[in-house]
Amino acid sequence: MSRPLMFGCKEELEEKISAYFYMCDTHMQTMFTKEGQEISVPAPKPYTISGLAHFLGTNRQTLLNYEERDEFFDTIKRAKAKIEAFVEESLWTPKVTAGVIFNLKNNFGWVDKSELQQSGETTHNIKTDKDLSNLTVEELKQLENILNKTSDTE
């Protein structure tokens, strides 16, 4: 027997997701003035998948599992697209780039790709996930020769 769904229909889920984004946008933080007076100031919260899941009373994996269900697919995709756009825009904020890149890689399938082109006699087309930018042209030629030899024997 399977567990009952947390959300009765997509409209209920959409309403709760909208409430999450509204909460993030209108979040206030309590601060104190020099005189010790307590004040509330706007302090929007970042959009995150884990934050959305927590707000909905579930966890990240369960939320992502809902995406597999036809009736919730578009709703979850739209929410993830809004979160992804927010995170991507955060790349332009100094000092948060590493965390934002981590988020994009782990939650949205982004990857680092290195393409190496050297000026000179030849262009080396070596496909790897390793950073080869610190190699000299001579070292790249040696690597290319080694790879050519191994591909000739296959």
7 Å from Cα along Cα→Cβ at both Glu139 and Ala98: what's the point-to-point distance in nm?
2.4
Counting other beta carbons within 10 Å of each residue's own, what order do Trp92, Trp110 fall into, fewest first?
Trp92, Trp110
Percent relative contact order of region 29-75, based on C-alpha pairs within less than 8 angstrom and at least six residues apart?
18
Show me, for region 69-81, the HN-Hα J-couplings you get by feeding each phi into the Karplus relation (A = 6.51, B = -1.76, C = 1.60, θ = phi - 60°), rounded to Hz, glycine and proline as x.
8, 3, 5, 10, 3, 5, 5, 5, 4, 5, 5, 5, 5
Once the principal axes of the Cα atoms of region 10-108 are found, what is the range along each, listed largest first in whole angstroms?
56, 31, 18
In Hz, Karplus ³J(HN,Hα) per residue of region 13-24 (6.51, -1.76, 1.60; θ = phi - 60°; x = Gly, Pro):
5, 4, 5, 5, 5, 4, 5, 4, 5, 5, 4, 4
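Every number in this text was worked out from the coordinates using simple rules, so none of it is lab data. Computed from a predicted structure; not experimentally measured. Please note: Cβ atoms are built from the backbone with ideal geometry, for glycine as well, and neighbour counts cover all protein chains shown.
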